[in-house]
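Structure, as structure tokens:
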There are 2 protein chains.
Amino acid sequence: MTVLSPFSAGPVRAVLVVHGGAGTILRKHLTARLEAEYLAALEASLRAGYNALQSSPGTAMDGVEAAVRFLEDCPLFNSGRGSVFTHDGRIEMDAAVMDGETGRAGAVTGVTTVRNPVTLARAVLEQSPFVMLAGRGAEEFATFAGTERAAPEYFRTEERWNQLQNQLRRESEESAPLMSLSEDNKFGTVGAVAVDARGTVAAATSTGGMTNKRYGRIGDSPVIGAGTWAENATCAVSATGHGEFFIRHAAAHDIAARMAYGGRTVAEAAHEVIQDKLRAAGGEGGVIAIDAQGNAVLPFNTAGMYRGYITHDGIPFVSIYPD
Amino acid sequence: MTVLSPFSAGPVRAVLVVHGGAGTILRKHLTARLEAEYLAALEASLRAGYNALQSSPGTAMDGVEAAVRFLEDCPLFNSGRGSVFTHDGRIEMDAAVMDGETGRAGAVTGVTTVRNPVTLARAVLEQSPFVMLAGRGAEEFATFAGTERAAPEYFRTEERWNQLQNQLRRESEESAPLMSLSEDNKFGTVGAVAVDARGTVAAATSTGGMTNKRYGRIGDSPVIGAGTWAENATCAVSATGHGEFFIRHAAAHDIAARMAYGGRTVAEAAHEVIQDKLRAAGGEGGVIAIDAQGNAVLPFNTAGMYRGYITHDGIPFVSIYPD
């Protein structure tokens, strides 16, 4: 495994980039063993995406879907298997994909029985005239599209269940307000961006949401322009962070717009949005972004972000903490 | 009633602007009497918004909420009472608001029992840390916030019910694909944008969705950056049209971004997005937009758009067809 440095200083050259969430990731919380597991999983997701890119036809969409499917299947990350629990003890997942050549997008929110929400989002893009499908309706569409399902037990991990129980206990002890945002789990999201041999970019994002979330809250992941964006003329973006801030700032589209109308590079645009605009607003998180020339950046304004990229030659670089 | 001309040529000076949907509105479809009813309702919504703006404190948010509540309560428009029916014969409504001073936003999707979805969206903005709430969770939040409810019968109109029956009949006769987009009712949305005495802008959008919609489809209205946006430094926008295109192009935020990074006026930016970008992509619809100086535009690329604005002096102008 190759652990990268210098990483956030400027753009790197890559064909595929992944993240596994940003947030209060501190060395004291991660054992050496768990850290190694995270890095290995990130590297494996990069290889899965790279292999899909190398296959024929091997589109950017194939690459980001394969990378995100791997992360959804891995219980370490808050998406697919290993998703966090809502206040009611349910798992509700969101995902989105966008294709930079056609500008088409697909997104699902609040799905509970779909093994790989990213694959359902891709089916929405490819097999429907719609962009965004919610809840039971989205699951009906999964039946129509033949998307693989899984029972609630499949997604459940003991660690996530205990996180919910701890939060519920804390709430009752503190008589906390009815709508606390979970500090620990605001940032659990996975995503990938890629560029293929034709110069097409794509983005994919998937999440299990927030531990203890209520009221059918939707974060930025499935909101096109907030957590997910792809446009060949500018870039592909997948975000992770405190979703409400990414929605209020249309963060992913704002990066693209600064390139399109302000003449910024992808590195400058992503830096301005994450380190200037969102930081000033108190919006914690990060993004991965790549342009059609393979210039990629992975900025974050939190203590850490699970992240990595893979080069044209198939060499992966993975990291968790700032360089 | 004052019916306006010239309207779309350039910016007008206004404090509040409304739309009641854009689409294939042809003179041959509207009797003189129905046309007069639409114009009177638009004018009344402008006056309701204007009165709220004139009250003390009278914020832009007060203005857009009052105008949209009037349109939601009016059965002529596809929002609140008079919403269209889904494939399953249900009424599912979406709404969003955004405040241009704070950048805060609130949105709800798939609500069925809330008399004024725009008021619930404002409650999300003001009384929760969230931006977007869906379905039953959003209705739980309505209970928490004390938002007025209504039984399904309240929203139901015979005309909308017959529209669904006609579409279902047509589908079965033509053995149409499982996912037809309703040509007649893609564009049923209401919205308002306003600027108040402090120079704060706000936007509100509300819709009953598409007749015969399936799979929990969410359009652009509740998607911040797609159908709704407000930012004092640029403008407030409310969109109506074929929602998938407005999401794929982050249309409302794109207008603001062209102003922020490209130096465009609100009139230029809205024209570029509606008449150039969306028209080229086949995305039918329109927007209303206003900047903090009260420059307002109401462009659309469809046969008509129910629309109007009211000046600082309280003089309303309303129109349906191109000037």
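The values are calculated or read from the model by the stated rules, or taken from the named source; none is laboratory data. Because the structure is predicted, anything quoted here is derived from the model rather than measured. Neighbour counts are summed over all protein chains in view; Cβ atoms, including those assigned to glycine, are modelled from backbone coordinates with ideal geometry. These area figures cover heavy atoms from the full protein model, side chains too; ligands, DNA and RNA do not enter into them. Shrake-Rupley method; radii C 1.70, N 1.55, O 1.52, S 1.80 Å.
Side notes on the structure shown:
- DSSP beta bridges in chain B [antiparallel fraction, %, rounded to 5]: 90 percent
- Accessible area per residue in Å² at 1.4 Å probe, computed on chain A: 34 Å²
- At a threshold of 20 Å², the residues of segment A:216-231 that become less accessible to a 1.4 Å probe in the full protein assembly than in their chain on its own are A:216, A:217, A:218, A:223, A:224, A:229.
- Residues considered: B:244, B:272, B:153. Largest GNM mean-square fluctuation over chain B, using C-alpha springs under 10 Å, is found at B:153.
- Label-to-label distances for residue A:148 across copies, nearest first, come out at 5.1 nm, using points 7 Å from Cα in the beta-carbon direction.
- Mean residue ellipticity at 222 nm, helices only, chain B: -10000 deg cm²/dmol; runs of at least 4 DSSP H residues each add -39,500 (n - 2.57), and the sum is divided by the number of residues.
- Three-way shape call for chain B based on the alpha-carbon gyration tensor, with the a/c threshold at 1.5: rounded
- Of A:283, A:103, A:23, the one that fluctuates the most in a GNM where chain A has Cα springs shorter than 10 Å: A:103
- Between B:219, B:208, B:199, the Gaussian network model of chain B with springs among Cα atoms under 10 angstrom shows the greatest mean-square fluctuation at B:199.
- For residue B:119, neighbours were defined as the other residues whose beta-carbon sits under 10 Å from its Cβ, and their charges (Lys and Arg +1, Asp and Glu -1) total 0.
- Debye, to nearest 20: dipole size of the protein assembly as shown, +1 on Lys, Arg Cβ, -1 on Asp, Glu Cβ: 140 debye
- Other-copy label distances relative to residue B:37, 7 angstrom Cα-Cβ extension, nm: 6.5
- For segment B:2-319, the fraction of 1.4 Å probe accessible surface lying on carbon and sulfur atoms is 49 percent.
- For the residues of B:158-168, the average number of beta carbons from a partner chain within 10 Å of their own beta carbon is 0.
- Size of charge dipole - segment A:2-319 - debye, nearest 20, with Cβ of Lys, Arg +1 and Asp, Glu -1, no other charges: 260 debye
- Shortest-first nm distances, residue B:161 label point to equivalent points in other copies (7 Å, Cα→Cβ): 4.7
- Summed over both chains, the accessible area lost when A and B associate is about 3700 Å², using a 1.4 Å probe.
- Mean Cβ count within 10 Å, highest first, over the residues of peptides B:109-120, A:308-319, A:48-59: B:109-120, A:308-319, A:48-59
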